[in-house]
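Colleague: Encoded as structure tokens, here's the structure I'll be asking about.
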Amino acid sequence: MIWFLALQLAVGPAQHYQNAKQDFARQKFSEAVSEVDSALHEDPYMVPALVLKARLATFAHRLDVAKSCLITAITADPTSEEAQFYLGVLFYKQNDFNSALSPLLKAQTLSPESPLPAFYLAMTYQSLGDETKALELYQRAEDLSPGKSALSAEILVAYGKFLFSLGRVQDGIRKDRRAIEINPESRDAHYEFAKGLDQEGDFKGATVEGERALTLPALDTSDAQIHYLLATLYRKLNQPALAKAHLEKFLAAQQATSR
């Protein structure tokens, strides 16, 4: 019994935090919550544990808890790049773009070689209508992104979409091609590439990319979006039966979403 109590006391906040990190990586979220709460019970101002609890709360759609944890973390350690970054991301995802700027800029200052603060700053400035800053930061995020990684592909897809919005279709297509080279399984990249080819008048190439996107796991791009694009493309190619089939699937997907 004495040995067991000594063992319990030996499991301090650092070990609970490490256990929580491992559970989080394995997507064992309820176990991760229990471990991170144990860590914070013993050390309420343990910044990495507060950041992890915020991320877990975000997954559970408890944005109030996430925000509280991140503000506590930043109060305890204003130099925590992670806490600043995730607070900025939280504001960004709530469409509170002005509030997102300050923590994201601090995160970029604290970790200037990380592509993530630059990436989210680019999307934030884009949402605020500052095209010059957005372009500068998208390019910085691309330059800093690690080689052939899923993050690189994600940055290129977002950059390409922004370039399309500026009317720079060829530049956007080049970004999407590179994204597909890096990550051929990216549904978003194939879909955006299809939209670019459509704008360039390559309807056949666009249908190939659209059909390929439909076979890949859904992330940001929904089945409904792809079916709608394919319906439009097959109409342009004078293939009414295929256009009708995809339009029906688009409408069915829309109805399923609205239920």
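The values are calculated or read from the model by the stated rules, or taken from the named source; none is laboratory data. Remember, predicted model here, so these are calculated numbers, not experimental data. No Cβ is skipped: glycine too gets one built from the backbone with ideal geometry, and neighbour counts run over all protein chains shown. In case anyone asks, the SASA skips ligands and DNA or RNA and just uses the protein heavy atoms, side chains included. Shrake-Rupley method; radii C 1.70, N 1.55, O 1.52, S 1.80 Å.
Colleague: Among the residues of segment 163-173, are any closer than 30 Å to A141 by Cβ, open to solvent by 70 Å² or more (accessible area, probe 1.4 Å) and in a helix (DSSP H, G or I)?
Modeller: Step one: of segment 163-173, the residues closer than 30 Å to A141 by Cβ are 163-173.
Adding the requirement that they be open to solvent by 70 Å² or more (accessible area, probe 1.4 Å) leaves 165, 168, 170.
From what is left, the residues that are in a helix (DSSP H, G or I) are 165, 170.
Taking every residue of segment 163-173 in turn, at least one turns out to be closer than 30 Å to A141 by Cβ, open to solvent by 70 Å² or more (accessible area, probe 1.4 Å) and in a helix (DSSP H, G or I).
Colleague: Something else: For segment 116-152, name all the residues that are at pLDDT below 95 and either aromatic (F, W, Y) or open to solvent by less than 60 Å² (accessible area, probe 1.4 Å) (or both). Even if it seems obvious, please write down each step before you answer.
Modeller: Here is the first cut: in segment 116-152, the ones at pLDDT below 95 are 145-151.
Once the filter is applied, which keeps residues that are at pLDDT below 95 and either aromatic (F, W, Y) or open to solvent by less than 60 Å² (accessible area, probe 1.4 Å) (or both), segment 116-152 yields S145, G147, S149, L151.
Colleague: Which condition number does G129 fail, the rest of (1) at positive phi; (2) in contact with an Asp or Glu (Cβ under 8 Å, 6 or more places away or on another chain) being met?
Modeller: G129 satisfies every listed condition except (2).
Colleague: Tell me which of these F91 doesn't satisfy, since it passes every other one: (1) modelled with pLDDT under 95; (2) in contact with a Ser or Thr (Cβ under 7 Å, 6 or more places away or on another chain).
Modeller: (1)
Colleague: For segment 226-259, give me each residue that is in a helix (DSSP H, G or I) and of a type in the set (K, R).
Modeller: If the condition is that a residue be in a helix (DSSP H, G or I) and of a type in the set (K, R), then R235, K236, K244, K249 are the ones that fit.
Colleague: Restricting the search to segment 223-241, which residues are buried (at least 16 other Cβ atoms within 10 Å of the Cβ) and either closer than 20 Å to P184 by Cβ or aliphatic (A, V, I, L, M) (or both)?
Modeller: Within segment 223-241, D223, A224, Q225, I226, L229, L230, A231, L233 meet the criteria.
Colleague: Could you please find all residues in segment 194-208 being open to solvent by less than 30 Å² (accessible area, probe 1.4 Å) and free of Cβ contacts under 8 Å to residues at least 24 places away in the same chain?
Modeller: Once the filter is applied, which keeps residues that are open to solvent by less than 30 Å² (accessible area, probe 1.4 Å) and free of Cβ contacts under 8 Å to residues at least 24 places away in the same chain, segment 194-208 yields only G205.
Colleague: Kindly provide the set of residues from segment 134-176 that are more than 20 Å from the chain's Cα centre (by Cα) and of a type outside the set (A, V, I, L, M, F, W, C), ordered by number.
Modeller: Residues of segment 134-176 that are more than 20 Å from the chain's Cα centre (by Cα), as a first pass: 166-171, 173-174.
Hits for segment 134-176 are G167, R168, Q170, D171, R174.
Colleague: So, in segment 175-225, how many residues would count as being among the charged types (D, E, K, R), part of a helix (DSSP H, G or I), farther than 20 Å from E248 by Cβ and touching a helix residue (DSSP H, G or I) at 6+ places or on another chain (Cβ under 8 Å)? Can you show your working first?
Modeller: Going through segment 175-225, the residues among the charged types (D, E, K, R) turn out to be 175-178, 181, 185, 187-188, 192, 195, 198, 200, 202, 204, 209, 211-212, 220, 223.
From what is left, the residues that are part of a helix (DSSP H, G or I) are 175-178, 181, 187-188, 192, 195, 198, 204, 209, 211-212, 223.
Going one step further and asking which of them are farther than 20 Å from E248 by Cβ, we end up with 175-178, 181, 187-188, 192, 195, 198, 204, 209, 212.
Filter once more, keeping what is touching a helix residue (DSSP H, G or I) at 6+ places or on another chain (Cβ under 8 Å): 175-178, 187-188, 192, 195, 198, 209, 212.
Summing the residues that are among the charged types (D, E, K, R), part of a helix (DSSP H, G or I), farther than 20 Å from E248 by Cβ and touching a helix residue (DSSP H, G or I) at 6+ places or on another chain (Cβ under 8 Å) in segment 175-225 gives 11.
Colleague: Here's another thing I want to ask about it. How about segment 1-115: which helices (runs of 4 or more DSSP H) wholly inside it have at least 2 residues that are hydrophobic (A, V, I, L, M, F, W, C) and open to solvent by 40 Å² or more (accessible area, probe 1.4 Å)? Please lay out each step first, then the result.
Modeller: Numbers: elements: 2-10, 13-25, 29-42, 47-59, 63-76, 81-93, 97-110.
Here the list reads 2-10, 13-25, 29-42, 63-76, 97-110.
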